[in-house]
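The structure under discussion appears below in the form of structure tokens.
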Amino acid sequence: MIIGVPKEIKNNENRVALTPAGAQELVKRGHTVYIQHTAGEGSGFPDELYVSAGAQILPSIEDTYGAAEMIIKVKEPIESEYKLIKEGQLLFTYFHFASHEPLTRAMVESKATCLAYETVERPDRSLPLLIPMSEVAGRMAIQKGANYLEKPLGGKGILLGGVPGTLPAKVIILGGGIVGTHAAAMAAGLGADVIIMDVNLQRMRYLNEIMPANVKTMMSNEYNIRKMITNADLIVGAVLIPGAKAPHLITRDMLPTMQNGAVLVDVAVDQGGCIETCKPTTHQDPTYVIDGVVHYCVANMPGAVPYTSTLALTNATLPYAILLAEKGWKQAALDLPELKTGLNIINGEIVYEAVAQAFDLPFVPVEKYLQD
Ligand SMILES: NC(=O)c1ccc[n+]([C@@H]2O[C@H](COP(=O)([O-])OP(=O)(O)OC[C@H]3O[C@@H](n4cnc5c(N)ncnc54)[C@H](O)[C@@H]3O)[C@@H](O)[C@H]2O)c1
């Protein structure tokens, strides 16, 4: 198969979808790998490393999309890329369709096939291509939160762990999945008082067993959230309902009840956010303040640590990319249930129900394409 890896052009996105080691694995199996010039540079992989791994360098993004049967990317295509996508082309990347109507409509019109990292779901319901980035974002959420709690950056001026004779900061984490667990571990390690709020009792039992004593769990419901946010210093939004928009757990009317200088880090912003007042921001201009509460809502947090993120992501995506290259998307999806759930759009038809529902667009069951 001919595989193309374009350079990411979203604001401050320095990750790349394939490392030289990954390129070598594909080339070794007889595939052609085209890397757009300087695509790996932001992650510390210059063109020469790809060339010595057997890949070929193409000068422009147009050449890369034009040559490839399968495009492997990190972030969803942005508007300037829509016209480069070809009918029948396979795109393997993050899409987050349910929170982006123009992207969904553009991909439908392109008649491409879109396999979304975020809906690749194992039979045990785990999301193997979200996990590595969630691990990174969860850990980063606390680094960022701690930073913005500093007074010169608009925060209350509290040190997460405090010092002897002072109380530590109170951290609330909404959603105790991968992001929430890694955020909680980091915050607890720094000495904060941490509460994880989730709706899954089974998960909270597990967290209660594995977390240190300064991490408590609490049922997530409006009553408890209203009560707990009034004295929280840092709140991390880490809720996910797979393939759907995140529910607004903190609503606009709750902000005046919060402390001046409290910080909200809504990691779930890429699925619409679980805090009503969160709108996506960038690494260049990451925060804004409403009612004295600092909002940090960067939709591509792992993009700021591209070295760690690229290695973590490609460790997880490469086995699937190899399978797609070897068998094509149809046979790969028949062989591996998680690739079937990853299919969101086939030849311009939406085959992932939550995406079709989000914008009231026609839905076609994926089985239509996976028969015979
Ligand atoms: N901004 C970024 O750069 C970035 C990076 C990685 C992940 N994310 C996003 O972070 C979010 C969380 O990802 P994850 O991997 O931790 O997901 P996950 O599925 O591991 O965890 C989600 C958790 O939310 C819980 N939940 C569902 N409804 C809830 C509710 N009403 N109240 C409290 N908890 C509830 C679930 O029970 C689950 O434990 C996703 O939206 C993901 O896309 C964003």
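Values in this text are rule-based calculations from the coordinates and carry no lab data. Keep in mind that what you see is a predicted model, and the values were worked out from it rather than measured. Counting neighbours? That spans all protein chains shown, and the Cβs are built from the backbone with ideal geometry, glycine included.
Data table
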{"item": "Charge tally in the Cβ shell below 11 Å around residue 18, where Lys, Arg are +1 and Asp, Glu are -1, residue 18 excluded", "result": "+1"}
{"item": "For the chain: relative contact order, % (alpha-carbon pairs under 8 angstrom, 6 or more apart)", "result": "18 percent"}
{"item": "Estimated FRET transfer efficiency (residue 78, residue 290; beta-carbon r; R0 22 Å; 0.05)", "result": "0.25"}
{"item": "Using a Förster distance of 41 Å, the FRET efficiency for residue 151-residue 62 (Cβ separation, nearest 0.05)", "result": "0.30"}
{"item": "Mean ellipticity per residue at 222 nm, deg cm²/dmol - from DSSP H runs of n ≥ 4 across the chain, formula -39500 (n - 2.57)", "result": "-10000 deg cm²/dmol"}
{"item": "Two-decimal Rg to Rh for the range 154-272 - Kirkwood Rh, Cα set", "result": "0.95"}
{"item": "Label point distance in nm, residue 326-residue 218, each placed 7 Å from Cα along Cα→Cβ", "result": "4.9 nm"}
{"item": "0 to 90° range, to nearest 10: angle between helix 306-335 axis and the chain longest Cα axis", "result": "50 degrees"}
{"item": "Residues with amide H under 5 Å from that of residue 100, placed H, sequence gap 5 or more", "result": "none"}
{"item": "Computed lengthening from residue 210 to residue 21, 0.36 nm per intervening residue step minus Cα-Cα distance", "result": "64.6 nm"}
{"item": "Within a Gaussian network of the chain (alpha carbon springs, distance under 10 Å), most fluctuating of 110, 134, 80", "result": "80"}
{"item": "Using θ = phi - 60° and Karplus 6.51 cos²θ - 1.76 cosθ + 1.60, couplings along the range 72-83 (whole Hz; Gly, Pro as x)", "result": "10, 9, 10, 8, 4, x, 9, 3, 5, 8, 3, 6"}
{"item": "Dmax and Rg, reported as Rg then Dmax, of the chain (C-alpha, Å)", "result": "21.2, 70"}
{"item": "Candidate lysines for bridging to residue 10, where Cα separation is under 17 Å - those fewer than 8 sequence places away on the same chain excluded", "result": "73, 75, 83, 279"}
{"item": "Residues residue 41 and residue 283, FRET efficiency given R0 of 22 Å [Cβ-Cβ distance, rounded to 0.05]", "result": "0.80"}
{"item": "Fewest-first ranking of 156, 216, 28, using other Cβ atoms within 10 Å as the exposure measure", "result": "28, 216, 156"}
{"item": "Local electrostatic count, residue 274, Cβ distance below 10 Å [Lys/Arg +1, Asp/Glu -1]", "result": "-1"}
